[in-house]
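Have a look at the structure below, then the notes.
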Amino acid sequence: MSWARRRAFAALYLLGRGLESAATALRYAAAGLLDRATLQAAIIEEWRQFGIAQEASDDVSLFAWEDARFIDRDDRVLLIGCGTGRDLLALLDRGYRPDGLDLVPEAVERARQRLTERTLEALVRVGDIETVELGQRYDVFVFSWFCYAYIPESARRVRVLEKLSAHLARRGRILLSYAPAQQAGPRRTLRLTRAVARLMGASWRPEAGDSLAIAGPTMSSVTFQHFFQPGEVEAEARAAGLHVLAHEPSDQAITMALGKPG
Ligand SMILES: C[S@@+](CC[C@H](N)C(=O)[O-])C[C@H]1O[C@@H](n2cnc3c(N)ncnc32)[C@H](O)[C@@H]1O
């Protein structure tokens with residue numbers, strides 16, 4: 001191999017890397033054009049597509065990190081983000097009493113169908129945990145599979161925790177899971193999103209740890225997830241007047257149980 005060929009190889013590789021970084025930067029800049037409503041619509045669309053992809057699945061398993069240690073058989077449970085019913089049905093099969101809530105009407109419809117097919121009963125509603133009227137107290141609120149991390153903005157997550165706390169029975173628990181922070185999107189490019197959002201007066205502020213992936217040219221092709229730094233969920237829990245009952249890291253997920261003091 002000649003020296004010139006080796007140099008050309010390295011140059012083309014580095015150019016490719018540069019173009020990849022530029023493409024990521026432009027996508028993150030584009031994400032800054034979203035406002036709160038379009039981001040919310042994109043989040044709903046993402047989960048609608050996820051539900052469609054799961055339509056044929058009849059999975060009723062729990063992941064290794066989703067053990068029900070903090071739930072008693074007679075607890076009233078609300079599973080937030082029940083989707084098409086994987087974990088809802090798994091909990092019912094194990095003798096628990098969960099209600100379900102999900103953003104996506106089609107997913108809720110599928111979950112109800114699966115309940116009927118199994119002659120199981122549970123109240124499954126369409127709604128956003130940020131805005132839904134809870135109407136009753138629960139012993140346990142479970143955020144399904146990283147669902148807490150799908151809520152943009154720390155202040156909004158804290159408000160959700162405050163709302164759940166107000167509807168939590170004595171000795172109630174809030175269970176949530178999230179992915180470890182090293183999977184977050186690039187920090188420098190996120191600054192671009194923030195700059196564009198500020199410039200455009202967006203009603204939503206991207207925050208450090210937010211990861212935004214854009215799969216296509218429409219605003220509905222954005223996916224959002226927040227990746228928490230160590231201590232971040234604890235701080236949000238404290239801000240909502242809650243304390244941490246358990247904090248358990250594993251390879252795929254970190255799980256936490258929160259409760260009211262006293
Ligand atoms: C990773 S999926 C899990 C679905 C199902 N529990 C499962 O494990 O197959 C997350 C679900 O949370 C729902 N979700 C996300 N944010 C939500 C919110 N703010 N309120 C209610 N549901 C939400 C989505 O619609 C989606 O169905």
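Just so it is clear, none of the values below were taken in a lab; they were calculated from the coordinates. Computed from a predicted structure; not experimentally measured. Because the Cβ atoms are built from the backbone with ideal geometry, glycine has one as well, and the counts that use them run over all protein chains shown.
For the chain, modelled as a Gaussian network with Cα springs under 10 Å, which listed residue fluctuates most, P230, P105, P249?
P230
Once Lys and Arg get +1 and Asp and Glu get -1 on their Cβ, which of I71, H226, P98 lies farthest toward the positive end of the dipole of the chain?
Of the options given, the answer is H226.
Taking amide hydrogens as modeled 1.01 Å from N in the peptide plane, which residues meet the under 5 Å criterion relative to D210, leaving out close sequence neighbours?
Sorted by chain and number, the residues that satisfy this are F227.
How far, in degrees from 0 to 90, does helix 105-117 lean away from the longest principal axis of the Cα atoms of the chain, to the nearest 10?
40
Considering only V233, V108, V132, give the residue with the highest GNM mean-square fluctuation for the chain, with springs between Cα atoms whenever their separation is below 10 Å.
V132
Net charge near L168: determine it from the other residues with C-beta under 13 Å of the C-beta of L168, scoring Lys and Arg +1 and Asp and Glu -1.
With Lys, Arg at +1 and Asp, Glu at -1, the neighbours total +4.
As a footprinting exposure proxy, order Y13, Y138 by other Cβ within 10 Å, with the fewest listed first.
Y13, Y138
Mind checking the range 118-167 for GluC sites (Glu not before Pro) that DSSP puts in a loop (not H, G, I, E or B) and that have at most 14 other Cβ atoms within 10 Å?
E121, E130, E133
Give a residue-ordered list of calculated ³J(HN,Hα) values for the range 242-258 (Karplus: 6.51 cos²θ - 1.76 cosθ + 1.60, θ = phi - 60°; whole Hz; x for Gly, Pro).
Per residue, the Karplus-derived 3J(HN,Hα) values read 10, 10, 8, 8, 7, 8, 10, x, 9, 4, 8, 7, 10, 10, 9, 10, 10 Hz.
I'd like the Karplus ³J(HN,Hα) series for the range 68-77: coefficients 6.51, -1.76, 1.60, θ = phi - 60°, whole numbers in Hz, and an x wherever there's a Gly or Pro.
So the Karplus estimates, Gly and Pro as x, are 9, 4, 8, 10, 9, 4, 9, 5, 7, 10 Hz.
When the dipole is taken about the Cα centre of the range 141-250, and only Lys, Arg (+1) and Asp, Glu (-1) are charged at their Cβ, what size is it in debye, to the nearest 20?
Approximately 240 debye in magnitude.
Rounding to the nearest 20 debye, state how big the charge dipole of the chain is about its Cα centre with +1 on each Lys and Arg Cβ and -1 on each Asp and Glu Cβ.
1080
Check which residues have an amide H placed less than 5 Å from L78's amide H, if you skip close sequence neighbours.
Counting only residues 5 or more places away or on other chains, the set is D99, V140, F141, V142.
Among A107, M200, W3, which residue has its Cα positioned farthest towards the positive end of the charge dipole of the chain, with +1 placed on the Cβ of Lys and Arg, -1 on the Cβ of Asp and Glu, and the dipole taken about the Cα centre?
Going by the charge dipole, the pick is W3.
Most exposed first by the Cβ proxy, i.e. fewest other Cβ within 10 Å, how do T255, T119, T24 rank?
In order of increasing Cβ crowding within 10 Å: T119, T24, T255.
Can you list, bin by bin at 5 Å, the percent of alpha carbon pairs in the chain, starting at 0?
1, 6, 12, 15, 17, 16, 12, 8, 5, 3, 2, 2, 1, 1, 0, 0
Nearest 5 is fine: what % of DSSP beta bridges in the chain come out antiparallel, could you say?
About 50 percent, rounded to the nearest 5.
Given H placed on each backbone N at 1.01 Å, which residues far from R125 in sequence or on other chains put an amide H within less than 5 Å of it?
G100, L101, D102
Fewest to most neighbouring Cβ within 10 Å: what's the order for M200, M256, M219?
Placing the least packed residue first, the sequence is M200, M219, M256.
What does the charge count around V126 come to, taking other residues whose C-beta lies under 13 Å from its C-beta (Lys +1, Arg +1, Asp -1, Glu -1)?
That sum, taken over residues with Cβ under 13 Å, equals -2.
Could you compute the net charge surrounding F63? Neighbours are other residues with a C-beta less than 10 Å from the C-beta of F63; K and R count +1, D and E count -1.
Value of the local net charge: -2.
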